[in-house]
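Beneath this line is the structure, given in structure tokens, with notes to follow.
Bear in mind these aren't lab numbers, they're just calculated from the coordinates by the rules spelled out. Only a predicted model underlies this, so the values are computations on that prediction, with no experimental measurement involved. Glycine gets a Cβ as well: all are built from the backbone with ideal geometry, and neighbour counts include every protein chain shown.
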Amino acid sequence: MRKHIRIAALFTLATLLSVVSPQTSAAERLPNFIIIFCDDLGYGDIGCFGSEKHRTPNIDRMAKEGLRMTSFYSTCGVCTPSRSSLMTGCYPRRVNMHQSARGEWVLFPVAQRGLNPKEITIAEVLKAKGYATACIGKWHLGDQPPFLPTQQGFDSYFGIPYSNDMGSRQRKINPPLPILRNTTVIEAPADQTTLTKRYTEEAVKFIAANKDQPFFIYLPHTMPHNPVNSSPAFKGKSANGGYGDCVEEIDWSTGEILAALKKHGIDEQTLVIFTSDNGAASRWGGSNKPLSGFKGSTMEGGMREPCVIRWPGKIPAGSVCDEVASTIDLLPTFAKLAGTSAPTDRKIDGHDIWPLLARKKDGEKSAKSPHEAYYYYFRDQLQAVRAGKWKLHLPRAARRRRNQKTAARLPARLYNLDTDIGEKTNVAAANPDVVKRLTDLANLARADLGDGKKPGKHQRAAGHVKNPKPLTKP
């Protein structure tokens, strides 16, 4: 009930703001938004970010017609935490989605924890402005009924509720990997070779059905998360095995979506974002070059993502932005463009980054990142902080290896990301003032968000159910 009251209040605020917002004049329809969110796609896995193995002509064309963001971040190196941030505009620790109730780094099937329905998602913000909303793909923010997409602001849902390796072979408690239509299991186990194709068909149908009203599509692809699968039209066709086949099918999917927008005459009314939830794993064929690190780490390769944003007539074609931005910025940015605002009854961490997106093609530098600092968490631990060109890995205990009685201690490591994107040369000793400044910023996060077992002042509770049940066919 309380959530409905808050949503009603948000709708009232949106209505009042729409009276004065130039975005909502009768002569101009509110923009559509599409987020294409890959799973475990590396920084160097698409052509416009340097891949020499994968053919991605549609995404590359997106970049030519729009913007490449080269310092765009997820908030974590794994699935669940990073997705909670995109939905809420918050670091995972703020909404207690940084790990499972058992301390695991993602949610597993039949989990007690999920995204708290009291949180206001990006879908709910847009729904309050009259948007049609759809989630198509991998959710991974809780598989119990209160946590599913249709309880979090989406009119409809089609997809799998968690990662594609979490079928019945992984753990005894897991059911066969299900596909859901809204809240009902319609297929189990899922035919993974058809997922990208079916997601694309769902998205194209949704565009056609809602072409005359503003809409929001959240398309979190299952691929190229392992086990990699693709449809017969793409299997065995790439130069990089099954992983490359997945990437090239995702590129095809992106092209189909862009073609649908043009077909229905709404191309210039639609902002499309292509990015990933975290970096590629250290095996299975993905590439994070020229970054160091991989999925699950707080090195750049774990959390800096390829990002392409396209909106003809609004975002300058062929532009590049290297200012720090993140998935947490999408909620407040979309809210602004839709003539409303992000929730004001709670603390969120994202900012409106429209000034970064709308910069001129000639490289205008007047628009700067709104982030004084950006924080890198691994599960519950704050491990690094970035401010401008500087990134400080905080001193901490390393993982204890086998036959070690005590873990080694890692010293502070400072990198100038402008000149050392691969984090190769530690310049902490030569820049003690920078180390101190970034350490002070890290202490602000520790007080606000928490670190380790010590809670932060402004953390909120995750959702919780007492007796979770497996998702199975009725």
Nonlocal amide H pairs with Ser276, under 5 Å, H built at 1.01 Å
Cys38
Name the aspartates and glutamates eligible as straight-distance cross-link partners of Lys237: C-alpha to C-alpha under 18 Å, and not fewer than 8 places from it in the same chain.
Asp45, Glu52, Asp245, Glu248, Glu249, Asp251
Highest first, please rank the peptides 34-47, 171-184 by the mean number of other Cβ atoms sitting within 10 Å of their residues.
34-47, 171-184
Going by how many other beta carbons lie within 10 Å of each one, how would you line up Lys127, Lys457, fewest first?
Lys457, Lys127
Pairs from Lys211/Lys336; Lys205/Lys295; Lys389/Lys453; Lys118/Lys457; Lys391/Lys457 whose Cα-Cα separation, in the structure shown, is over 27 Å:
Lys205/Lys295; Lys389/Lys453
Local electrostatic count, Ile266, Cβ distance below 10 Å [Lys/Arg +1, Asp/Glu -1]
+1
Interchain or sequence-distant (5+) residues whose placed amide H lies within less than 5 Å of the amide H of Trp105 are Ser100
Given a Förster distance of 25 Å, the FRET efficiency implied by the Cβ-Cβ spacing of Lys263 and Thr194, rounded to the nearest 0.05, works out to 0.60
Extension reserve of the Lys454-Ala233 stretch, reckoned as 0.36 nm per residue once the Cα distance is removed:
74.5 nm
Dipole of the chain [Lys/Arg +1, Asp/Glu -1 at C-beta], most positive-end residue of Ile315, Leu115, Gly103
Gly103
Ranked packing of 137-143, 221-227, most packed first, by mean Cβ within 10 Å:
137-143, 221-227
To the nearest 20 debye, what is the magnitude of the charge dipole of the chain about its Cα centre, counting +1 on the Cβ of each Lys and Arg and -1 on the Cβ of each Asp and Glu?
1740 debye
Can you tell me the length gained on complete extension of the stretch Arg283 to Ala398, counting 0.36 nm per residue apart and subtracting the Cα distance?
39.2 nm
Extension gain from Asn426 to Ile186, taking 0.36 nm per residue of separation minus the Cα-Cα distance
81.1 nm
Taking just the alpha-carbon atoms of the range 381-451, what radius of gyration and Dmax come out, in angstrom?
13.4, 40
What is the set of long-range amide H partners of Ile353 at a cut-off below 5 Å, with H atoms built 1.01 Å from backbone N?
Thr333
Local electrostatic count, Asp418, Cβ distance below 10 Å [Lys/Arg +1, Asp/Glu -1]:
-1
Please give me the summed charge of the neighbours of Asn96: other residues whose Cβ is under 11 Å from its Cβ, Lys and Arg +1, Asp and Glu -1.
+2
Whole-number D in µm² s⁻¹ for the range 47-100, Kirkwood Cα-pair radius fed into Stokes-Einstein, 10 °C, 1.306 mPa s
121 µm²/s
Helix-only mean residue ellipticity at 222 nm for the chain, each DSSP H run of n ≥ 4 adding -39500 (n - 2.57), per residue, nearest 500
-7500 deg cm²/dmol
Return the label of the correct value of log10 I(q)/I(0) by the Debye sum over Cα atoms at q = 0.10, 0.13 Å⁻¹, as calculated from the structure shown, out of [x] -0.81, -1.24; [y] -0.71, -1.27; [z] -0.89, -1.21.
[y]
Find the centroid of the Cα atoms in the range 37-54 and in the range 324-362, then give the distance between the two in whole Å.
25 Å
If R₀ is 25 angstrom, what is the calculated FRET efficiency for the pair Lys368 and Asp418, using the beta carbon separation as r and rounding to 0.05?
0.95
Considering only C-alpha atoms, what is the centroid distance from the range 185-263 to the range 58-106, in Å?
19 Å
Span-like helix ranges in the chain, DSSP H, alpha carbon extent 18 angstrom or more, Kyte mean at least 0.5
2-20
